[in-house]
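Remarks on the structure that follows.
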Amino acid sequence: MQHITAEQLFRMTAYACTQMKSECDTINQLNVFPVPDGDTGSNMTMTMEGINATAADAATVSECAKLLGAGMLRSARGNSGVILSVFFRGFAKGLAELTEACAGDVAAALAVAVESAYGSVMNPTEGTILTVMRASAEAATAHVDQQGAECDIAALFGAMAVAAQAALDRTPELLPMLKKAGVVDAGGYGFVIILRAMQASLEGKEADFSPEAFRRAATKPVLSAAAASDADIIYPYCTECIVEKSAEYAGEGTVEALHRFVLGAGDSAVFVDDAEIVKLHVHTSDPGSVLSEAVKYGSLLTVKIENMRVQHTELALDAAHTSDGPRIVEGKYSFVSVANGDGICAALRDLGIDEIVIGGQTMNPSTEQMLQAIRNTDGEYVFVLPNNSNIIMVAQQAAEILCEEGRHVIVLPSKSVPQGISAMYVFDPSLSFEENAAEMTAAMRAVCTLSMTEAVRDADIDGLHIAKGQVLGMVNGKVRQVANDEEHCMLQLMEHLTPCSCITVFYGSEAAPETVERIEAMLQGALGDDVDISVMDGGQPVYSFIISGE
């Protein structure tokens with residue numbers, strides 16, 4: 001094959017998306033934090049799932065590439081996802097005005113793509129996806145120089161994939177963090193998967209693929225485990241948004257002032273100035289200032305803010321949903337909560353929660369999903385319990401939007417399910433909205449939340465040596481203990497419960513029944529009959545145990 005048509009380019013890219021989905025968990029496991037983390041693979045996959053399906057009907061390779069790049073840019077998530085979308089956008093620019101593309105055209109477009117990717121990052125770091133992208137583009141140029149501009153394109157992608165793999169294998173030598181963890185760069189690994197899939201498509205080896213099947217598959221959620229990390233992060237908030245430009249800023253290169261502001265707001269900045277939208281990503285200590293500056297140039301289409309100190313990932317946002325469907329609740333007060341696990345959700349409903357957004361450690365709901373849940377209630381006043389530090393700001397964004405529409409909504413900054421439950425216990429309908437907010441917030445602060453999860457790789461954190469497979473004991477979201485099993489971890493965590501008079505234990509979906517019994521007996525024996533201990537099937541993923549002490 002000496003030329004790529006629009007149809008072939010779509011097939012290549014769409015097949016790469018399906019392969020990214022199948023490799024998502026593998027890519028996630030390459031992250032260097034020791035707790036369950038669903039980051040790079042999920043972000044890159046969801047970015048590719050934004051592919052505009054109308055590209056399948058494009059008449060020219062130029063039009064197809066432009067639609068593919070634009071779709072990815074709007075759906076880009078995380079640093080790796082934004083860089084990937086910028087790469088494809090640059091590739092589209094390199095193919096401008098072409099009906100079909102030969103190997104020489106592809107190589108030239110890849111050079112533009114790499115230049116765009118590097119240019120979008122504030123401080124490009126070698127040993128990352130950028131290095132792998134550059135190696136593949138350089139290999140394409142070298143191959144065309146040797147074989148000619150009209151050489152076989154499948155062979156071109158084969159040469160690119162070989163060079164990309166070699167660059168990926170070198171990433172641990174360029175980044176000490178990767179070498180210490182014994183892994184290659186996750187984003188670079190994902191990019192190699194993309195190239196291999198495109199090569200397979202060109203060679204006619206993709207399995208029963210059709211554009212229609214892709215459109216159906218693209219709606220399926222990608223789920224992965226996620227959990228907190230106690231890493232020392234200077235700029236804790238990963239902030240992303242898309243700004244639809246107002247008329248005065250239409251066109252490319254019109255918002256340089258915003259670009260400079262983002263560069264000075266923190267680190268890991270990625271900035272894309274498109275003709276109609278701006279896509280920005282930055283790690284900052286003040287996400288509000290970034291959003292306030294961004295809105296000066298147009299309307300915010302999407303917003304995502306994550307607290308990286310608990311190192312969560314948005315996974316399958318489109319799959320997150322409110323349980324039991326829309327439900328209107330009449331009355332003065334309504335309650336919305338985020339939770340996961342059948343037992344935990346049932347406990348919250350028993351306490352009066354009207355709408356539950358399924359999410360938390362394995363799934364971060366979007367602002368739109370929070371908006372929908374709140375709108376499904378009909379109370380004059382609405383309390384929102386995020387129950388996760390990484391969801392608080394998304395909930396606050398939703399609350400601000402609804403307050404501007406005249407709704408009375410307040411987000412109580414609960415960082416765990418036990419905090420949310422404690423807040424509901426003290427709610428008093430005879431008190432005012434403001435009085436209840438104060439009482440519920442005070443109740444949350446009196447709660448100690450312990451949790452256990454399994455380390456997914458070796459690490460050293462705050463003097464703790466952690467081996468893969470060990471049990472991590474966390475206190476209010478931070479790793480404080482490490483043990484070989486849950487019972488020994490509980491023994492180490494016990495000191496944090498000694499002042500408490502009421503203990504609630506939620507055991508997770510993976511907790512063994514005999515372990516649950518032993519831990520209940522341990523708590524009763526250590527704390528005595530004066531302490532009220534309740535053990536419940538929470539059904540939550542990721543954490544084998546979540547324990548509340550008051």
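Every read-out reported here was derived from the displayed coordinates using simple, explicitly stated rules and does not represent laboratory data. Remember, predicted model here, so these are calculated numbers, not experimental data. As a convention, Cβ positions derive from the backbone with ideal geometry for all residues, glycine included, and neighbour counts pool all protein chains shown.
With both bridge residues required to lie in the chain, what share of the DSSP beta bridges run antiparallel, to the nearest 5%?
Close to 70 percent.
Within segment 432-471, name every residue whose backbone N is under 15 Å away from a label modeled 7 Å from Cα of Leu491 along the Cβ vector.
471
Taking R0 as 35 Å, what's the FRET efficiency between Ala346 and Cys403 from their Cβ-Cβ distance, rounded to 0.05?
0.70
Suppose each label sits 7 Å from its Cα in the direction of the beta carbon; what would the Asp458-Gln2 distance come out to in nanometres?
5.4
Under the 0.36 nm per residue contour assumption, what length would be gained going from the current alpha-carbon distance of Lys478 and Glu100 to full extension?
Going from the current span to full extension adds 130.7 nm.
Within segment 1-100, list the GluC sites (Glu not before Pro) lying in a DSSP loop whose Cβ has at most 12 other Cβ atoms in a 10 Å radius.
Hits after loop and neighbour filter: Glu97.
Which one, Leu263, Pro287, Phe335, projects farthest toward the positive side of the charge dipole computed for the chain from Cβ point charges (K/R +1, D/E -1)?
The residue sitting most towards the positive pole is Leu263.
Assign unit charges at the C-beta atoms only (+1 for Lys and Arg, -1 for Asp and Glu), then state the dipole size of the chain relative to its Cα centre in Debye, rounded to the nearest 20.
840
What lysines could a cross-link reach from Lys304, if we take a straight Cα to Cα line under 22 Å and drop same-chain neighbours fewer than 8 places away?
Those lysines meeting the cut-off are Lys21, Lys220, Lys245, Lys279, Lys296, Lys415.
If we count trypsin sites (Lys or Arg not before Pro) as exposed when they sit in a DSSP loop and have at most 12 other beta carbons within 10 Å, what is the longest stretch of the chain that avoids them all?
For trypsin sites (Lys or Arg not before Pro) (loop position, at most 12 other Cβ atoms within 10 Å), the longest site-free span of the chain is 206-467.
Report the one residue of Phe87, Val132, Met122 whose Cα lies farthest in the direction of the positive end of the charge dipole of segment 68-133 (charges on C-beta: Lys and Arg +1, Asp and Glu -1; origin at the Cα centre).
Highest projection toward the positive end goes to Met122.
How many angstrom lie between the Cα centre of segment 61-100 and the Cα centre of segment 244-290?
Their Cα centres are 18 Å away from one another.
Return the FRET efficiency for the residue pair Thr141, His465: r is the Cβ-Cβ distance, R0 is 51 Å, and the value is rounded to the nearest 0.05.
0.65
Mind sorting Tyr507, Tyr333, Tyr425 by how few other Cβ atoms lie within 10 Å of their own Cβ, fewest first?
By the 10 Å Cβ count, ascending: Tyr425, Tyr333, Tyr507.
How far is helix 6-28 tilted off the main Cα axis of the chain, in degrees rounded to 10, range 0 to 90?
Taking the Cα atoms of the chain, the angle to 6-28 is about 40 degrees.
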